[in-house]
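Notes for the one structure printed next.
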């Protein structure tokens, strides 16, 4: 064999070898090893900073990643500038989603990736309408660029699925569930190879369904958990684990709930959300041991307030709950409809004199700022006064919160005022109820209706025989003529199956068979001839005596049957019972 001269390999420096090992560890999701190897290299080298920003973004250290990108912008400017801008916007967006920061960016919207990330940045500002516009621009630009580059339709659809999922999410945040559901269902799941996009789709789709189906939701969450969840960032992993715990709680699976809750705690630690989940599961299983402990350790004052009220109501201490609600209410809850409804409910349980007072104060406080909510509170106060107020009503007349279209509220107010303020009730009735079109009764002739016999006989009357011999008055005869005559229907006679009209029927067909002349009668002597007499088993007849018969032997040996066995009739003699057939 002739040996070929092999080209000598280029010498690789130790730093390059370490960097390549770090990149391999990054692609294998060995994040700790990758960071350890990168820390051994020069931290001002561009390739080291590039890989480190990607690693920080994966680890959820968005502040460190954005700082490194800012350093890269200052040190270098090359063909990868557009990609760095898109990644920098992604870091700032994720940083704003986890922490409330006021970092502003100057968008450079030259690629569809930049348009997509800037739309996600706007979504954090809750400007969903503007975000959808940028996402639609990104969708059009993405399709045009990929078609020019020669990508297949499947690859284009896969890339567009990421943008469409974000559009559906924006509709979902705008509470447009029908548009969000249509956008989610329009995405072809079979063409999505990116596990992250598919997990987001499976996680969000059950929340926009018209009717919540626990079995379908559990299947979707289970399918999402089987995918590459390690590719998600920590925030997405926490949301998925939290939803899995909620579904396990609703489906009454305590073991799965415990596993999902432990996984959620391993990602984000012990938070108020995990404590609320624990409390919900404890209340479902009627185990109050976890409730008191979690109530003491919850940091959110709003959660602590509602849980304390819940504990007092469960112990049926309604007076204590009302006192605690009025003394220790947080400022964020005080001016809400839910808190006002709580006070009203507690006053009803405690049989207060004016249970509608809290609703009236809330309606008067919002009369100038939020008129629609004030109208709702005023209508609720009127309903409470009519339902639970036994004495005089204390409902004031607030005409700014009344409208001629809301007839139920006006009627309720008139009913409430009629117990204490008749003049006010009369005034409201004249002002708001005169516009109701009441049908006039003046043109109705009551006497003609009473004398009209068609009303009495408009329905189908019972038929009966009329005695013609009786002579009645002319009015009675007119009534009798209207009675419908009975219609006699001719039914076809039922004939036997083998009936032949040409033959005369058998006159003895009605007699029993044994009484008919065609039946063969056996004489008594012949009948009793072969009947055995004596004890059971003894036969006296000649035909029953086998002692005089010659013995016959079959000397032919039995041979096994040839071929497959077949079912044959048993030719053995069977005893027949004798007697009358």
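Per-residue answers, yes or no, for (1) in contact (Cβ under 8 Å) with a residue 24 or more places away in the chain; (2) over 26 Å from residue 206 (Cα atoms):
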| position | (1), (2) |
| --- | --- |
| 113 | yes, yes |
| 148 | no, yes |
| 154 | yes, no |
| 181 | yes, no |
Residue pairs, Cβ under 7 Å, 6 or more apart or interchain, first in the stretch 396-407 and assigned by the TED database to the domain that holds residue 424 and farther than 21 Å from residue 361 by Cβ, second outside any loop (DSSP other than H, G, I, E, B) and at pLDDT 80 or above. List them. none
Boolean, residue 295 is under 30 Å from residue 357 (Cβ atoms) and either touching a residue at least 12 places away in the same chain (Cβ under 8 Å) or surrounded by fewer than 17 Cβ atoms within 10 Å (Cβ to Cβ) (or both): yes
What tally of residues in the stretch 221-242 results from selecting those that are without any contact (Cβ under 8 Å) to a residue 60 or more places away in the chain and not in a helix (DSSP H, G or I)? 4
Looking at the stretch 243-269, which of its residues are in contact (Cβ under 8 Å) with a residue 24 or more places away in the chain and closer than 28 Å to residue 312 by Cβ? 245, 246, 249, 250, 252, 254, 257
Criterion violated by residue 211 - all others in (1) surrounded by fewer than 14 Cβ atoms within 10 Å (Cβ to Cβ); (2) part of a helix (DSSP H, G or I); (3) out of contact with any helix residue (DSSP H, G or I) (no Cβ under 8 Å at 6 or more places or on another chain) satisfied: (2)
Test each condition in (1) under 49 Å from the mean Cα position of the chain (by Cα); (2) modelled with pLDDT of 90 or more for residue 62 and report the one that comes out false. (2)
Neighbours by Cβ (under 9 Å, 6+ apart or cross-chain): first from the stretch 435-452, within 30 Å of residue 405 (Cβ to Cβ); second at pLDDT 80 or above and surrounded by 10 or more Cβ atoms within 10 Å (Cβ to Cβ): 436/407
Quick check: anything in the stretch 320-332 free of Cβ contacts under 8 Å to residues at least 60 places away in the same chain, assigned to a helix (DSSP H, G or I), under 31 Å from the mean Cα position of the chain (by Cα) and under 30 Å from residue 374 (Cα atoms)? no
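The values are calculated or read from the model by the stated rules, or taken from the named source; none is laboratory data. Only a predicted model underlies this, so the values are computations on that prediction, with no experimental measurement involved. Here Cβ is always computed from backbone atoms with ideal geometry, including for glycine, and neighbour counts include all displayed protein chains.
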